[in-house]
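Everything on this sheet refers to the single structure shown next.
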C-alpha cells in the first residue's frame, strides 16, 4: 500500500465533548460495466474496484461514510448500478453517491438507494455538512453547475453558517495543468468560487473525473482531486496519457474544530493488462 498524507490546519473553535471526528472515504471513477469482465485500457474495472475496496476494508470499522463521486458505471446500465449497490451493501458502511459524466443521474438515483446507500444533496454530520452537487451535462464530458444547483449550494451555506462544510462534485472547478482534461472541467467555475469566497465555513472541495491525485489551495479552501479505482491519467501533461500509477482512494479525517487531515492510499499495483497505447476512454 502506498500513502500520501496532507495535514490542513484551521483556526480552532470550542465544541462540546459530544462532537467527534469523522472519517470519510472517497471512491471515484470506478467505470463499472454491465459485463463484469469488461476492460478499460486493458484493465478489468470490476477487479480493480474490488481491490481498492478490499484496501478500504482493512480500516472499515473506522470509516463513517463512503463518498462516491461519479463515473461509477461506464455504460450507466441498471445491471452495473445494481452490482455496485450489492457490493456496497455487503461492505456495510453508509454510502452517499453523486453522478459523473458517464452516469445517468436518474438511473443512479433509482438504483443506488436503499439500505446503506443513498444519493442525497446534504449529509449532516453534526459539526460538519457535506454538500453533494450534480455537475453533469447530458451527453457531454464537461461539467456545469445549473442555476438550481448553485441556488441549493447558496441556500444551504446561508442556512448553516455554524457548520464546517465539505463540498463534493464530479468535475474540477480549478485548472489542474492538463489542457485536455481542463477542457472538460466545470465550465462555469466563477459563481461557484464566488460562493466559496462569501461563505468561509467551506473548508474543502473534492472531486473525481481527473483520474489522478491533486491538491491545491483556493483562498484558503483546500481543492482535492482523487485517483480512480481503475486507470490513472498522466499528471501535468497537455495530451491524453495513461499512467502506470495504481488505483486508489482518498480518505479525510474531519475534526469538529474544522481541521482536516487527508491522504491518498493506493493498492500495491494495477491488475494485469494495462494498455498504455490506448488513445482515449
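At a glance:
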{"read-out": "Rounded if a/c under 1.5, otherwise prolate or oblate - the range 189-281, Cα gyration tensor axes", "value": "oblate"}
{"read-out": "Entry for semi-axes √(5λ) of the Cα gyration tensor in Å (calculated from the structure that is shown) out of (1) 31, 22, 18; (2) 27, 21, 19; (3) 51, 21, 13", "value": "(2)"}
{"read-out": "For the chain, built as a Gaussian network whose Cα springs stay under 10 Å, the top-fluctuating residue of 140, 48, 77", "value": "140"}
{"read-out": "Ellipsoid semi-axes in whole angstrom, largest first, where each is sqrt(5λ) of the Cα gyration tensor of the range 98-142", "value": "22, 15, 5"}
{"read-out": "Full-stretch length increase - residue 279, residue 261 - with 0.36 nm per residue and alpha-carbon distance subtracted", "value": "2.9 nm"}
{"read-out": "Packing-based exposure ordering (other Cβ within 10 Å, fewest first) of 144, 33", "value": "144, 33"}
{"read-out": "Average Cα contact separation per residue, the chain, under 8 Å, 6 or more apart, as relative contact order %", "value": "25"}
{"read-out": "Net lengthening on full extension, residue 90/residue 182 (0.36 nm per residue, minus Cα-Cα)", "value": "29.5 nm"}
{"read-out": "Global geometry of the range 19-148, whether rounded, prolate or oblate, following the gyration tensor of its Cα atoms and the 1.5 cut on a/c", "value": "oblate"}
{"read-out": "Relative packing of peptides 88-98, 164-174 - highest average C-beta neighbours within 10 Å first", "value": "164-174, 88-98"}
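Read the figures in this text as sums done on the coordinates, not as results from a lab. Remember, it's a predicted structure, so these values are computed and weren't measured experimentally. We place every Cβ from the backbone using ideal geometry, glycine too, and count neighbours over all the protein chains shown.
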